[in-house]
Structures are given as structure tokens and as C-alpha cells.
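What follows is a short report on a single structure.
The values are calculated or read from the model by the stated rules, or taken from the named source; none is laboratory data. Just so you know, these numbers come straight off a predicted model, no measurement behind them. Cβ coordinates were reconstructed from backbone atoms using ideal geometry, including for glycine residues, and neighbour counts include every protein chain displayed. Just the protein is used for accessible areas: all its heavy atoms, side chains included, with ligands, DNA and RNA removed. Shrake-Rupley method; radii C 1.70, N 1.55, O 1.52, S 1.80 Å.
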Amino acid sequence: MKFTKATNYALHTMLMLVTDSSVKPVGVQQLAESQNVSPTYLSKILTRLVKAGMIESVSGANGGYRLSRHKDDITFLDIIHAIEGTNSLFECDFVHGSECLIQAVMREAEEKMERHLKNTKLSDLAQKQTQVSK
């Protein structure tokens, strides 16, 4: 199982915004340079995060992006769902009786992973990162 690069960039961008957590917006250029990615590509990712209600876009000369939710309310799963969607990672294409046993095992594994990602807050990681960098 592999998440897209967009999810990688979204998680790193959100970690930067949570770690910074100032009211002042951070420009897309600064966010893109910190990850060595195109600002145009990152803007598309940021648009998904705005639509998901995690960040907001601020226009103007000092514009950019900032958190629109409290940092303690943002989980890894929130970000992954904003970028990847909520579809199951595995879909059985074969016709079985009432349910595919393989699909059931895969769904159970996915539910366990989602529980872990839902319980992992980005603010906890930001706190660890701050302690390590001291």
C-alpha cells in the first residue's frame, strides 16, 4: 500500500503550519521551497486542504495559508482523507456469495490503520519535533 506524493506534501505542509501555529499566514512559495516542490503543484494540494476545512487561504500582499481549525483537532487521517479520499484501499472484483472473505480481512486491517491515524494528532508530532530541535 502506498499513498501518493500529494499526501506526503500535505502531511509535511500541515506539520509546518501546526508547528508554526501563528496567526500570520505562510506563503505558498515558502511552503513549497521548504519541501523542494513546485508552488503550482503545492497550491493544488492546499486547495484540497482548504476544502476540507483544515486551513484557510488569506489574500493580499501578506497572504498565504494558516490553520482554520485548532491544531489539536487535526489528525493524520483527516489529512489523508482530504487528499486520498475515503474509498477503501482494496476492492474485490470477483463475485462471491454474501461477502468476499479476502475483502473482509483487508477491511479489518484498514480499519485498524485508520483508528491509529485518527488517534495520531499532528500537534503531538509537532511537539516532538520541537523537543528534538532544541
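One table, with the values for the structure above:
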| item | result |
| --- | --- |
| Residue in segment 85-118 that is modelled with the lowest pLDDT, counting only those that are of a type in the set (D, E, K, R) and closer than 19 Å to T4 by Cα | E91 |
| Hits in segment 28-42 - residues which are open to solvent by 20 Å² or more (accessible area, probe 1.4 Å), in a helix (DSSP H, G or I) and either among the hydrophobic types (A, V, I, L, M, F, W, C) or in contact with a strand residue (DSSP E or B) (Cβ under 8 Å, 6 or more places away or on another chain) (or both) | V28, Q30 |
| Near pairs, Cβ below 7 angstrom, 6+ apart or cross-chain, from segment 105-134 (within 14 Å of N87 (Cα to Cα)) to any residue that is of a type in the set (A, V, I, L, M) | E110/L89; E114/L77 |
| Segment 1-27 - residue that is hydrophobic (A, V, I, L, M, F, W, C) and more than 16 Å from the chain's Cα centre (by Cα) and, of those, surrounded by the most Cβ atoms within 10 Å (Cβ to Cβ) | V26 |
| Top-ranked residue of segment 76-91 - restricted to ones that are in contact (Cβ under 8 Å) with a residue 12 or more places away in the chain and over 15 Å from the mean Cα position of the chain (by Cα), ranked as most open to solvent (accessible area, probe 1.4 Å) | E91 |
| In segment 43-59, residue nearest to A6 (Cα to Cα) [restricted to those that are among the small types (G, A, S) and in a loop (DSSP other than H, G, I, E, B)] | A52 |
| Single residue of segment 100-122 satisfying the filter (part of a helix (DSSP H, G or I) and open to solvent by less than 60 Å² (accessible area, probe 1.4 Å)) that is nearest to L17 (Cα to Cα) | L122 |
| Flag if L67 is among the aliphatic types (A, V, I, L, M) and either in contact with a Phe, Trp or Tyr (Cβ under 7 Å, 6 or more places away or on another chain) or open to solvent by 90 Å² or more (accessible area, probe 1.4 Å) (or both) | no |
| Of all residues in segment 14-27 being touching a residue at least 40 places away in the same chain (Cβ under 8 Å) and not in a loop (DSSP other than H, G, I, E, B), the one that is farthest from I79 (Cα to Cα) | V26 |
